[in-house]
Amino acid sequence: MMVSSGWMCEDGKVPMSARPQQKLASPPALERRPLDTNTLKNYLRQMVMVREFERLGEREFKNGLIRGYYHSYAGQEAVGVGFLNALDLNRDYVVDHYRDHGHMLLCGMDPKRIFAELFGRSDGVSKGKGGSMHMYSPENHFLGGDGIVGGGISVATGVGLALKQQRKQGLCVCFFGDGALDTGTFHESLNMASLWGVPTVYICINNKYSMGTSVERHSSLPRLVDRAQGYGISTEQVDGQDVWATTEAAERIFRKVRNEQVPYFVEALTYRYQGHGIHDKALNYRTLEEETAWHERDPLKLLTDYLVEEKIASRDQIEALRAEVVGELEAKVEAAKLGSEPQPEELFQDVTL
Ligand SMILES: Cc1ncc(C[n+]2csc(CCOP(=O)(O)OP(=O)(O)O)c2C)c(N)n1
Ligand SMILES: [Mg+2]
């Protein structure tokens, strides 16, 4: 029998809560809103781009070209595609967490410069000094990547406040994981955002795990929206596998936030296919059954099946699209490899000490 001693069990695991385990709520069933065929095809291309980017990144990580950590966005594509396509990046801003490659691509950043940054090259997004988690592109209104869990939440609150004070009608979108709800900055920021009517949309990507710890084990309430509601702001859960649902929610929420100058909290229910990072094989904290169930509702699969069923595209055409995207990305990888590494004398340039 397992005996609990303090915060850790004898088997070295953190004990489950004494409360009866609640099941994660299913996302509300949303009607599929018709999206025109060009939009859907474009969304599929974007999702394929993100998925294949991560596949190539993982390969280069394993080849030793990328050092440090590699956090893959594979599986979560419909969240980024739905929410980022609904933004107006002439006036809106994005603040991100460290699982950021997909979001950067969807903000229009050049994959070559992202790969170059991952390879530590001078022509990378952060001149080769930021790496995977610390890319920043003001021209794309992408204000980082952050390796500190919850680190972007206060930044996004400040960006929203600045936009409001300058009467710019812009809004700020902030992405973070379920683990970030356990940080103090989340609670301080939501309190202020609510008090001051800050037009920031807080998008919690609930992929069920904070490293190897499941939501049931790290969150006092398994429905994360319930934790945000205490600040008196509007909240909702969104099916993060379904690009129709994320698109519908994004357009409606952004309209409200822009018009009413209020914050909003979204819990996007999704799943990361890889472990926390590529180094983590996720063998001992989740089951094959669970992984299989989420793969059955893969965001690319849902969209592909729809396009085929509705005879908008054939499977051969979709495979040709995938091959074309892979060809483009491989060329970007090769181009990124050609860059040089930063010189030692640049070490202290562009960094805050
Ligand atoms: C303030 C802080 N505490 C702890 C860590 C170590 N850490 C890195 S990632 C992570 C898990 C975060 O999980 P989640 O927010 O759910 O994001 P996901 O990886 O699932 O996208 C932790 C605890 C950190 N980087 N920063
Ligand atoms: Mg998580």
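The values are calculated or read from the model by the stated rules, or taken from the named source; none is laboratory data. Note that the structure is a prediction, hence the values are computed from the model and not measured. Neighbour counts run over all protein chains shown; Cβ positions are idealised from the backbone, glycine included. Side chains included, ligands, DNA and RNA excluded: accessible areas come from the protein's heavy atoms. Shrake-Rupley method; radii C 1.70, N 1.55, O 1.52, S 1.80 Å.
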- request: Among the strands (runs of 3 or more DSSP E) lying completely within the stretch 152-241, list those that include at least 1 residues that are open to solvent by 10 Å² or more (accessible area, probe 1.4 Å) and among the acidic types (Asp, Glu).
  value: 234-239
- prompt: Among the listed residues 103, 71, which satisfies the condition of being in contact with a strand residue (DSSP E or B) (Cβ under 9 Å, 6 or more places away or on another chain), within 16 Å of ligand 2 (Cβ to nearest atom) and under 23 Å from residue 130 (Cβ atoms)?
  reply: 103
message: Filter the stretch 62-83 down to the residues that are surrounded by fewer than 21 Cβ atoms within 10 Å (Cβ to Cβ) and part of a helix (DSSP H, G or I) and list them by number.
response: 62
message: Please determine whether any residue of the stretch 85-99 is farther than 20 Å from residue 281 by Cα and within 10 Å of the chain's Cα centre (by Cα).
response: yes
statement: So, first residue of a type in the set (S, T, N, Q) in the stretch 184-198, second residue part of a helix (DSSP H, G or I), Cβ within less than 6 Å, six or more apart or across chains; the pairs are 185/153; 185/154; 189/153; 189/154; 189/157; 191/231; 194/231
- line: Checked against (1) open to solvent by 80 Å² or more (accessible area, probe 1.4 Å); (2) part of a helix (DSSP H, G or I), residue 348 satisfies every condition except (2)
- prompt: Taking the stretch 189-240 only, how many residues are closer than 22 Å to residue 100 by Cβ and within 15 Å of ligand 2 (Cβ to nearest atom)?
  reply: 16
task: Could you tell me which numbered condition residue 97 fails, if it satisfies all but one of (1) more than 14 Å from ligand 1 (Cβ to nearest atom); (2) buried (at least 23 other Cβ atoms within 10 Å of the Cβ); (3) not in a helix (DSSP H, G or I)?
output: (1)
task: Give the residues of the stretch 218-261 that are in contact with a Lys or Arg (Cβ under 8 Å, 6 or more places away or on another chain) and farther than 30 Å from residue 305 by Cα, sorted by residue number.
output: 219, 220, 221, 222, 234, 261
- request: Look through 234, 219 and report the one residue that is within 13 Å of ligand 1 (Cβ to nearest atom) and at pLDDT 95 or above.
  value: 219
task: Would you check if there is a residue in the stretch 251-259 being in contact with a strand residue (DSSP E or B) (Cβ under 6 Å, 6 or more places away or on another chain) and either of a type in the set (Val, Ile, Thr) or in contact (Cβ under 8 Å) with a residue 24 or more places away in the chain (or both)?
output: yes
